[in-house]
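The values are calculated or read from the model by the stated rules, or taken from the named source; none is laboratory data. Because the structure is predicted, anything quoted here is derived from the model rather than measured. Ideal geometry is used to build each Cβ from the backbone, glycine not excepted, and the neighbour counts take in all protein chains shown. Side chains included, ligands, DNA and RNA excluded: accessible areas come from the protein's heavy atoms. Shrake-Rupley method; radii C 1.70, N 1.55, O 1.52, S 1.80 Å.
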Amino acid sequence: MEQVVLVVALIVGLLMVPFGLPGLWVMLGAVTLYSYALPSGGIGTGTIIVVAALAFLGEVLEFLLTGRFVKRYGGSRRSGWGAILGSIVGAIIGVPVPVIGSLIGAFAGAFVGAWLAEMTLRREVHAATRVATGALLGRMAAVATKAGVGCAVIVWVVFAVFVGGAGGVRGV
């Protein structure tokens with residue numbers, strides 16, 4: 001029963017990722033709580049460290065991908081930060097719309113944030129729109145990558161609990 005609750009918590013964390021919510025950190029919290037609640041449940045310190053490292057990696061990749069796409073589409077560092085901040089603001093503004101509001105808000109916010117930041121530098125609508133398109137694509141790639149990291153967390157933890165903890169290696 002405890003394993004089912006853990007897997008459900010991991011899936012909920014994964015589903016949070018596209019909405020700009022801290023899903024990877026929820027996953028880490030679930031793994032840590034499970035480890036302390038059930039010391040013989042198959043999750044050891046090694047798994048907690050791996051999940052923490054993957055959560056940190058997911059956050060870093062999210063910022064790097066958004067910035068790289070902005071740069072690839074001709075944007076400045078300011079535009080990259082505009083996209084990141086715009087994503088955060090957009091996700092917050094989109095919360096009142098049920099289910100997909102924060103997702104759409106984060107994508108739109110990345111576009112608008114990069115566009116506004118680029119307009120403060122060049123004041124060329126076409127160039128700013130190109131950079132903002134790069135920010136939107138970067139945000140989409142970042143969400144997909146972060147979700148992939150979340151899937152890796154689930155695979156690692158499920159292996160640790162159901163294979164490593166089943167009379168096999170403790171602390172995988």
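Summary of computed values
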{"item": "Extreme residue, least open to solvent (accessible area, probe 1.4 Å), among residues of region 12-22 that are in a loop (DSSP other than H, G, I, E, B) and not aliphatic (A, V, I, L, M)", "result": "GLY20"}
{"item": "Test: residue in region 23-34 that is part of a helix (DSSP H, G or I), touching a Leu at 6+ places or on another chain (Cβ under 8 Å), aromatic (Phe, Trp, Tyr) and more than 19 Å from ALA142 (Cα to Cα)", "result": "yes"}
{"item": "Test for PHE111: is it without any contact (Cβ under 8 Å) to a residue 60 or more places away in the chain, over 30 Å from GLY44 (Cα atoms) and in contact with a helix residue (DSSP H, G or I) (Cβ under 8 Å, 6 or more places away or on another chain)", "result": "yes"}
{"item": "Sole residue being within 22 Å of GLY29 (Cβ to Cβ), buried (at least 16 other Cβ atoms within 10 Å of the Cβ) and at pLDDT below 90, chosen from GLY164, GLY150", "result": "GLY164"}
{"item": "Of all residues in region 40-68 being assigned to a loop (DSSP other than H, G, I, E, B) and of a type in the set (Gly, Ala, Ser), the one that is surrounded by the most Cβ atoms within 10 Å (Cβ to Cβ)", "result": "GLY42"}
{"item": "Evaluation of GLY94 against (1) surrounded by 16 or more Cβ atoms within 10 Å (Cβ to Cβ); (2) modelled with pLDDT of 90 or more; (3) not β-branched (Val, Ile, Thr) (one fails), failing number", "result": "(2)"}
{"item": "Complete set of residues in region 123-147 that are open to solvent by less than 40 Å² (accessible area, probe 1.4 Å) and among the small types (Gly, Ala, Ser)", "result": "ALA127, ALA128, ALA132, GLY134, ALA135, GLY138, ALA141, ALA142, ALA147"}
{"item": "Complete set of residues in region 23-39 that are open to solvent by 10 Å² or more (accessible area, probe 1.4 Å) and small (Gly, Ala, Ser)", "result": "GLY29, ALA30, SER35, ALA37"}
{"item": "Single unsatisfied condition, GLY82 versus (1) open to solvent by less than 80 Å² (accessible area, probe 1.4 Å); (2) under 30 Å from LEU116 (Cβ atoms); (3) within 13 Å of the chain's Cα centre (by Cα)", "result": "(3)"}
{"item": "Cβ-Cβ under 9 Å pairs, at least 6 apart or on other chains, region 10-31 side over 15 Å from GLY148 (Cβ atoms), far side open to solvent by less than 40 Å² (accessible area, probe 1.4 Å) and not in a helix (DSSP H, G or I)", "result": "VAL31/ILE43"}
{"item": "Some residue of region 72-89 being on the phi > 0 side of the Ramachandran plot and part of a loop (DSSP other than H, G, I, E, B)", "result": "yes"}
